[in-house]
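K.L.:
To start, I am sharing the structure in question, which I have written as structure tokens.
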Amino acid sequence: MHGTDAWHRRPALAGPPRSPKELFVSLPADSPSTAGRREWAALGVLALPALLVSIDVFVLLLAVPHLSADLGASSTEQLWILDIYGFLLAGFMLTMGTLGDRIGRRRLLLIGAAGFAVASVLAAFSVSPAMLIVARALLGVAGATLAPSTLALISNLFRDPAQRAQAIGVWMVCFMGGAAVGPVVGGVMLEHFWWGAAFLLGVPAMLLLLVLGPVLLPEYRDTRAGRIDPASVALSLAAILPAVYGIKELATGGWSTVPGLALVVGLASGLGFVSRQRRIADPVLDLGLFHTRAFSTAVAGMFLVAATGATMYFVTQHLQLVSGLTALHSGLAMLPGVAAAVAGFLLAPALARRIRPAVLIAVGMVVSLSGVSLLVLTGTDELVPLVLAYVLFQLGCGPMVTLGTDLVVGSAPPEKAGSAAATSEAAGELGYALGIAVLGSVAAAAYRAALGPLPEGLTGEQAAAVREGLAGADAVAGALGAEGAALLDSARQAFLAGMDVALAGVALAMVTIAVLALTMLRHVPPSRVEAPGIGPAAEPAGPIGSATGPTPAPHGSTTGPAPAPHGSTTGPAAAPHGSTTGPAPAASRPPAGGTSASGVPGTSREAEFSMTAAHGPGTVDDIPTQGGNHP
């Protein structure tokens, strides 16, 4: 969609503005921007760790009772074992994204893979809860390097926008594949091995990445980037960690002082972080990225669609506590939904070759909304409509997740791809946590309001358990005999009432995404067409027809500016393979305070890139343009 070498901007000509067809020309089918076998093999190397890490997360959920009994972990320690990974993953995401842009995305990925493997072994052979918590914390820090580096490298490997979207879809499928087979793999492993084996699943994939990564993956870094600002890193951690903690605690335990203060600290630190990013020369998060409509809209959409992930929580509760299925049968009932998500991830990039992303995302939200509506209408004993509702919900979210990620990575300048990917991932983490907290709290309040009078004779502890939620009511009803059946039926009806109220919030989020897409992304063409104003080298707010940056030299020419790096159409010149020559000619530099060649307002400093591929020269070759009227 954005940021591709597949279309080049012609130089500005005298006279009135030209039409988009006059400003952009197509490349032949054998363009070097088309990925080959080596690039797809590299995608496999990047996707396999995503699959196994996703499986690892689900296996751990099953392993908690086993490791708690073996290590003697208290309930509080169990929560920290589960949560510390997500806290640090979200907290370090922005830092790792911008660090990869500075030191090299492949280098950071390999460092993170090595760290993840070592921390996994440490976790597997932990001898105390404290040791396991520390190991899980290290896994979170190492895990924060994987997604931003991987997505940024995918943007380097797949310069063709259609192929890039397809590659992102494949990468997303690996996460969903892990969600599908995780419980099954976990059950088999825990039946035949000890709980520590759950942490060793990802180690072989990380070792494979360490061996094949230097061979198949290109290196990419911004050699002109400044040093990372420690104060910005500290402020980002102080903003995200307390916020995530506060949101999760409020979701599980209701309002209390400590989580409330954590949210206040997180909000204050977040404001301080934003203020500092505006002042310093080399920010951890370039706020200028948000001046691009495609980027800011996609990030907002990713936040909202992640917030709707709370729907999965309600579906699992419905399957087990309303429909009465076992955990295994509930997992099997959710497999069609997982398959639908996989289909959405893979179909969206293919359809985006001919249909605008705005239309696909909006139609996808209508499909998901139909699933939510069907879920609201589903009764206590209707399993097939429930499964169908979950299928529609997952299928419709596919275009937003896949195309939104592609829009974020593709609309950012090449030197900011890592930071852009980290922003998208962090938005998803926060959106999911906030969705669970807000929608879960709303559903709990509606449940208590709809719950009928409790049977007489309940102890205070039993009454509190019933009011706490359906799981507590199910446990209490089992000890009451015949009277418990009426209590359980009342609690189930109250749960459905609470779920309906929460799903109204999900529906509102989906409508908001559809409206945002249709209004803010209507300028984004299908991936076979590149339009002005949305690529990484295009001006975010510039008029159609404005030209930025030098014209690419004809193929084979030794004169003129050097071509831009992977994913860029204009902007800073890339030095020849292996060269360390300086920046682009002065003629291509924007005036101070104007719009840079990267398309981000407010910066006048060019970036110089170093991009080398292990498979030899040719990865940043100049690309011939086709069509007439070239000067």
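What follows is calculated from the coordinates using simple rules that are stated; it is not laboratory data. Owing to the predicted nature of the structure, the values given are computational and were not obtained by experimental measurement. Quick reminder, even Gly has a Cβ in these numbers, built from the backbone with ideal geometry, and neighbours come from all protein chains shown.
K.L.:
If I take R0 = 56 Å and measure r between the Cβ atoms of Ala445 and Val215 in this structure, what FRET efficiency does the formula 1/(1 + (r/R0)^6) give, to the nearest 0.05?
P.N.:
0.50
K.L.:
At what distance in nm do the modelled label points of Ala464 and Ile103 sit from each other, each positioned 7 Å from its Cα along Cα→Cβ?
P.N.:
Each label point lies 7 Å from its Cα, and together they span 4.8 nm.
K.L.:
Using θ = phi - 60° and the Karplus relation 6.51 cos²θ - 1.76 cosθ + 1.60, list the HN-Hα couplings for segment 339-348 in order, rounded to whole Hz, with x at every Gly or Pro.
P.N.:
These are the phi-based 3J(HN,Hα) values: 4, 5, 4, 4, 4, x, 4, 7, 6, 4 Hz.
K.L.:
Taking θ as phi - 60°, what are the ³J(HN,Hα) couplings along segment 471-480 by the Karplus curve (6.51, -1.76, 1.60), each to the nearest whole Hz, with x for Gly and Pro?
P.N.:
So the J values, rounded to whole Hz, are 4, x, 5, 5, 5, 5, 4, x, 9, 9.
K.L.:
While we're on this one: Select from Pro204, Leu138, Val181 the residue farthest towards the positive end of the dipole of segment 126-225; place +1 on Cβ of Lys and Arg, -1 on Cβ of Asp and Glu, and compute about the Cα centre.
P.N.:
Sorting the options by dipole projection puts first Leu138.
K.L.:
Please report, to one decimal in angstroms, the Kirkwood hydrodynamic radius of segment 295-402 built from all distinct Cα-Cα pairs.
P.N.:
Hydrodynamic radius (Kirkwood, Cα pairs) of segment 295-402 is 14.2 Å.
K.L.:
Pull out a ≥ b ≥ c, the square roots of the eigenvalues of the alpha-carbon gyration tensor of segment 35-227, then state rounded if a/c is under 1.5, prolate if not and a/b is larger than b/c, and oblate in the remaining case.
P.N.:
prolate
K.L.:
Right, next: How far, in nm, would the chain grow between Asp489 and Val363 when pulled straight, counting 0.36 nm per residue and subtracting the alpha carbon separation?
P.N.:
Net length gain for the segment: 41.7 nm.
K.L.:
Set the Förster radius R0 to 45 Å, insert the Cβ-Cβ distance between Arg278 and Ala130 as r into 1/(1 + (r/R0)^6), and round the FRET efficiency to 0.05.
P.N.:
0.65
K.L.:
Only Cα pairs under 8 Å and at least 6 apart count here; give the relative contact order of segment 35-227 as a rounded whole percent.
P.N.:
44 percent
K.L.:
Work out, step by step, the length gained on full extension between Ala234 and Leu346: first 0.36 nm times the residue separation, then minus their alpha carbon distance; give nm to one decimal.
P.N.:
Between Ala234 and Leu346, full extension yields 36.5 nm more.
K.L.:
For segment 252-333, what are the per-bin percents of Cα-Cα distances with bins 10 Å wide, up to the bin holding the maximum?
P.N.:
With a bin width of 10 Å, the distribution comes to 14, 21, 29, 21, 13, 2.
K.L.:
From the backbone phi of segment 318-325, what are the Karplus-calculated ³J(HN,Hα) couplings (6.51 cos²θ - 1.76 cosθ + 1.60, θ = phi - 60°) in whole Hz, Gly and Pro given as x?
P.N.:
5, 4, 8, 9, 9, 7, x, 7
K.L.:
Taking the highest mean first, how do the peptides 150-162, 291-303, 514-526 order by number of other beta carbon atoms within 10 angstrom per residue?
P.N.:
Listed from highest to lowest mean packing, they are 150-162, 291-303, 514-526.
K.L.:
Please list 322-334, 79-91 highest first by mean number of surrounding beta-carbon atoms within 10 Å per residue.
P.N.:
Packing order, densest peptide first, comes out as 79-91, 322-334.
K.L.:
Another question, if that's okay. If packing is taken as the mean number of other Cβ atoms within 10 Å per residue, what is the order of 394-406, 271-283, 189-201, highest first?
P.N.:
394-406, 189-201, 271-283
K.L.:
If you don't mind, another one. Just grab the label-to-label distance for Val184 and Ala475, each label 7 Å out from Cα along the Cβ direction, in nm (one decimal).
P.N.:
About 3.1 nm separates the two model spin labels.
K.L.:
Related question: For segment 230-281, max minus min Cα coordinate along each principal axis, in Å, sorted largest first?
P.N.:
Projected onto the principal axes, the Cα atoms of segment 230-281 cover 42, 13, 12 Å.
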